[in-house]
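J.: Handing you a structure now.
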Amino acid sequence: MSVKELTQLCCLSESSFRRKFKAYSHGISPLAYRNRLRVLKAKQLCTITACTIERAAQILGFCDAAHLYRIYKQYTGKTSKQRPNSTLHL
């Protein structure tokens, strides 16, 4: 869901929504929050269900696995290690 769609659901302007969201989430932007959740879900998919990184990227709306890798590194500060079954590890 985009920020624009969320603002419409909340009946707020985009700037007002972003300001309130950051205040509620202790300074985290809506995009950063969403990406953090997507990284956590990708880790779950890859470790619990043995889903491939490519499939997790597709399920979670990333452009491709490379995009997921970039976001993963941004939020964890680490590069993912790829094993033969393509899972994400810390």
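The values are calculated or read from the model by the stated rules, or taken from the named source; none is laboratory data. Because the structure is a prediction, the values reported are computed rather than measured. Don't worry about glycine lacking a Cβ; one is built from the backbone with ideal geometry, like all the others, and counts go over all protein chains shown.
J.: Looking at the range 70-89, which of the residues that are surrounded by 13 or more Cβ atoms within 10 Å (Cβ to Cβ) and outside any helix (DSSP H, G or I) is modelled with the highest pLDDT?
T.: Ser80
J.: Going through the range 28-69 one residue at a time, which ones are closer than 19 Å to Glu5 by Cβ and not in a helix (DSSP H, G or I)?
T.: Ile28, Ser29, Leu60, Gly61, Phe62
J.: Going through the range 1-39 one residue at a time, which ones are of a type in the set (Ser, Thr, Tyr), out of contact with any Asp or Glu (no Cβ under 8 Å at 6 or more places or on another chain) and surrounded by 12 or more Cβ atoms within 10 Å (Cβ to Cβ)?
T.: Ser16, Ser25, Ser29, Tyr33
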